[in-house]
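K.L.:
The structure that follows is given in the form of structure tokens.
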Amino acid sequence: MTLQLTAEQQAVYDAIEQTTEHLFVTGRAGTGKSTLLNHLSFHSDKKLVICAPTGVAALNVGGQTIHSLFKLPIGIIGNQPIEQNRDVKRLLKQIDTLVVDEVSMVSADLLDAMDRSLRQARERASEPFGGVQVVMFGDPFQLAPVPPSDPTERSWLRDNYTSMWFFDAHVWREAELRIHTLREIHRQHDDEFRSLLTAVRYGRVTAPMATRLNEVGARPAPTDGIITLASKNATVNRINARELERLPGRAMTAAAEIHGDFEGARTFPAETELVLKEGAQVMFLRNDSDGRWVNGSVGEVSRISRTVYVEIDGEEHEVEPIVWEKLRYQIDPESKQLSREVVGEFHQFPLRLAWAVTIHKSQGKTYDRAVVDLGTRAFSPGQTYVALSRIRSLEGLYLNRPLTPGDIFVDKDVMRFMDEVAQAQRAAKAAVEA
């Protein structure tokens, strides 16, 4: 699909393309970070490499995982020597711009290891990231780095970093990063709901705000075409299995075809065995090139034959299996040009049962209406914000229980960082005006 950038997005794109500055591109949910990244991927004239901290995130942006790209070991890297073969060195020497998506999930240790790898490969030890322009996309209010399970590794991080977050990496302080905050919200157009979401995002919900959210959310949820956003996998699996069992008729299973190099189930972008019945509520996992649906659209299976037919808003569409390609960057031995090689393919219908989905997997999706199920309480900072901000309008919000103060909290390190950003931006504005 042709992507039309807003003036705000175009300004960031131009900053990436026309300068060599390091950039952090952030913004609240629904401000178009993914749209900008997709546009950059297809239109950049630079030797651009995209990476992400997880396999699914890398697949979604047509990139490579950080560990695969840099050939880094799993776990804390610390001060241990970084081994690089000739191919890795060649590749890293060719990069003009390195894009890191979902950077909020990248630990400080990993970002410093990426910095060391680039300096080492490019033999430019005194320059942050070895002279490569680094562009980071992400929102620390939504996704956090996963702490190591090993207590020794956790202790090492505490001794060497202020926090695990990417913005506490040593290279972050050394590199001069320009922060671009996308402010134009495209998902919600209701000023009241935008205001409430801002309060939830920053953990500043007043009693009247909480009352308003709970009063709206307490309405009985409709039974047709609504999705539940749940905090736990067990809840999602139980709801989907229960609703599928209630449907009459025989279940049909579509097995994925997997070719080449895929590391394992955690990197698969869809179900390896998709079980469907006519009448099943499903969610699309990819945008349609013809614009018939987008990633996150919810519909109902109307027929199953050689392909699957799904009805969305009263219109039936034929859905065929698609291919997710796992990519690897390489240097062409003859042209010496940077290119992307397909090293694995995953063939499956771009569908998932969608009476329920985890809040984590709802990341980046948009729903007209949803039931938010936080269990007994939200268990991670920003979780409630992610869930509520998936929904287009206040009228589309339903809660399985009232929100409590314990459901709305923000990581103290994120607040510290954002306060620093705000101060720096005010100082820069004052300097320009002076």
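The values are calculated or read from the model by the stated rules, or taken from the named source; none is laboratory data. As the structure is a computational prediction, the values presented were derived from the model and not from experiment. As a convention, Cβ positions derive from the backbone with ideal geometry for all residues, glycine included, and neighbour counts pool all protein chains shown. We work out accessible area using only protein heavy atoms, side chains counted, and drop any ligands, DNA or RNA first. Shrake-Rupley method; radii C 1.70, N 1.55, O 1.52, S 1.80 Å.
K.L.:
Hey, which lysines would be in cross-link range of K93, C-alpha to C-alpha under 22 Å, not counting anything within fewer than 8 residues on its own chain?
P.N.:
Hits, sequence-local ones excluded: K46, K47, K71, K336.
K.L.:
Using only Cα atoms and rounding to the nearest 10 degrees, what angle (0 to 90) does helix 412-433 make with the longest principal axis of the chain?
P.N.:
60
K.L.:
On C-alpha positions alone, give me the angle between the axis of helix 7-18 and the longest principal axis of the chain, in degrees, nearest 10.
P.N.:
The angle comes out at about 30 degrees.
K.L.:
Please report, in debye to the nearest 20, how large the charge dipole of region 194-267 is about its Cα centre when each Lys and Arg carries +1 at its beta carbon and each Asp and Glu carries -1 there. It would help to have the intermediate numbers written out before the result.
P.N.:
Values: 11 positive and 7 negative charges, 101 e Å.
With only Lys, Arg, Asp and Glu charged at Cβ, the dipole is about 480 debye.
K.L.:
What 222 nm value per residue comes from the helices of the chain, counting each DSSP H run with n ≥ 4 as -39,500 (n - 2.57) and dividing by all residues, nearest 500 deg cm²/dmol? If you can, show how the numbers build up before the last one.
P.N.:
On the way: 13 runs with 137 residues, N = 434.
Helices in the chain give a 222 nm mean residue ellipticity of -9500 deg cm²/dmol.
K.L.:
I'd like the carbon and sulfur percentage of the solvent accessible area for region 96-229, probe radius 1.4 Å, heavy atoms only, ligands and nucleic acids excluded. Don't skip to the answer; put the middle values down first.
P.N.:
Working: 2840 of 5950 Å².
About 48 percent, which is the carbon plus sulfur part of the accessible surface.
K.L.:
OK, next. Which of G260, P333, P53 sits closest to the plus end of the dipole of the chain, meaning its Cα is farthest towards the positive end, when Lys and Arg get +1 and Asp and Glu get -1 on the C-beta?
P.N.:
Towards the positive end, the residue furthest out is P53.
K.L.:
Put +1 on the Cβ of every Lys and Arg and -1 on every Asp and Glu Cβ in region 129-240; which of Y202, H170, G138 then has its Cα farthest towards the positive end of the dipole?
P.N.:
Y202
K.L.:
Which of the three applies to region 194-336, rounded, prolate or oblate, going by the alpha-carbon gyration tensor with a ≥ b ≥ c and a/c under 1.5 meaning rounded? If you can, show how the numbers build up before the last one.
P.N.:
Working: a/c = 2.09, a/b = 1.29, b/c = 1.62.
Oblate, because a/c is 1.5 or more while a/b does not exceed b/c.
K.L.:
How far, in degrees from 0 to 90, does helix 151-160 lean away from the longest principal axis of the Cα atoms of the chain, to the nearest 10?
P.N.:
Long axis of 151-160 versus the principal axis of the chain: about 50 degrees.
K.L.:
Moving on. Under a cut-off of 28 Å between alpha-carbon atoms, report the lysines in cross-link reach of K277, not counting same-chain residues fewer than 8 places apart.
P.N.:
Within the straight-line cut-off, K277 pairs with K232, K361, K365.
K.L.:
Please get the size of the charge dipole for region 388-434, origin at its Cα centre, with Cβ charges of +1 on Lys and Arg and -1 on Asp and Glu, quoted in debye to the nearest 20.
P.N.:
140
K.L.:
Would you pull out the residues with amide H under 5 Å of A230's amide H, same chain only if 5 or more places away, H placed 1.01 Å from N?
P.N.:
Those qualifying (amide H under 5 Å, at least 5 residues apart or on another chain) are V357, T358, I359, D373.
K.L.:
Additional query: For region 1-90, what percent of Cα pairs sit more than 15 Å apart?
P.N.:
Working: 2748 of 4005 pairs.
Of the Cα pairs, 69 percent sit more than 15 Å apart.
K.L.:
Suppose every K and R has +1 on its Cβ and every D and E has -1 on its Cβ; what is the size of the dipole of the chain about the Cα centre, in Debye to the nearest 20?
P.N.:
Details: 51 positive and 59 negative charges, 159 e Å.
The dipole of the chain has a size of about 760 debye.
K.L.:
Name the residue farthest towards the positive end of the dipole of the chain from the options W156, P321, T223, assuming +1 on Cβ of Lys and Arg, -1 on Cβ of Asp and Glu, about the Cα centre.
P.N.:
W156
K.L.:
Next question, about the same structure. Hey, what's region 77-231 come to in accessible area per residue, 1.4 Å probe, Å²? List each step's numbers first, then the result.
P.N.:
Working: 7230 Å² over 155 residues.
With the other protein chains kept in place, region 77-231 gives 47 Å² per residue.
K.L.:
Hey, another quick one. Under the classification rounded if a/c is under 1.5, otherwise prolate if a/b is larger than b/c and oblate if not, where does region 75-153 fall, given a ≥ b ≥ c as square roots of the Cα gyration tensor eigenvalues? Walk me through the intermediate numbers first.
P.N.:
Details: a/c = 2.42, a/b = 1.34, b/c = 1.80.
The shape class here is oblate.
K.L.:
Residue by residue, what Karplus-based ³J(HN,Hα) values in Hz, rounded to whole numbers, does region 110-121 have, using 6.51, -1.76 and 1.60 with θ = phi - 60° and x for Gly and Pro?
P.N.:
Working through the residues one at a time gives 5, 5, 5, 5, 4, 4, 4, 4, 5, 4, 5, 5 Hz.
K.L.:
What shape does region 122-190 have by the C-alpha gyration tensor, where a ≥ b ≥ c are the square roots of the eigenvalues, rounded means a/c under 1.5, and otherwise prolate means a/b greater than b/c and oblate the rest? Present the calculation step by step, with values, prior to reporting the outcome.
P.N.:
Values: a/c = 2.93, a/b = 1.22, b/c = 2.40.
Oblate, because a/c is 1.5 or more while a/b does not exceed b/c.
K.L.:
Mean projection of the alpha-carbon convex hull of the chain over all orientations, in nm²?
P.N.:
Working: hull surface 92.0 nm².
Average of the hull's projected areas for the chain equals 23.0 nm².
K.L.:
Are there any trypsin sites (Lys or Arg not before Pro) in region 331-369 that are in a DSSP loop and have at most 11 other Cβ atoms within 10 Å? List them by number.
P.N.:
Values: sites: K336, R340, R352, K361, K365, R369; in loops: K336, K361, K365, R369.
Filter output for region 331-369: K336.
K.L.:
Could you derive backbone 3J(HN,Hα) for region 207-220 from the dihedral phi with the Karplus parameters 6.51, -1.76 and 1.60 (θ = phi - 60°), listing whole Hz in sequence and x where the residue is Gly or Pro?
P.N.:
With coefficients 6.51, -1.76 and 1.60, one gets 4, x, 5, 4, 4, 4, 4, 6, 5, 5, x, 7, 4, x Hz.
K.L.:
Could I ask something else about it? Per-residue HN-Hα couplings for region 344-349, Karplus 6.51 cos²θ - 1.76 cosθ + 1.60 at θ = phi - 60°, whole Hz, x for Gly and Pro?
P.N.:
Residue by residue, region 344-349 yields x, 9, 10, 9, 6, 5 Hz.
K.L.:
Mind jotting down the distance between the C-alpha centroids of region 316-381 and region 399-434, whole Å?
P.N.:
Here the two parts' Cα centres lie 29 Å apart.
K.L.:
Something else about it: Tell me the volume per residue, in Å³, of the convex hull enclosing the alpha carbons of region 328-434. The partial results should precede the final answer.
P.N.:
Details: hull volume 26.6 nm³, N = 107.
Residue-normalised Cα hull volume stands at 249 Å³.
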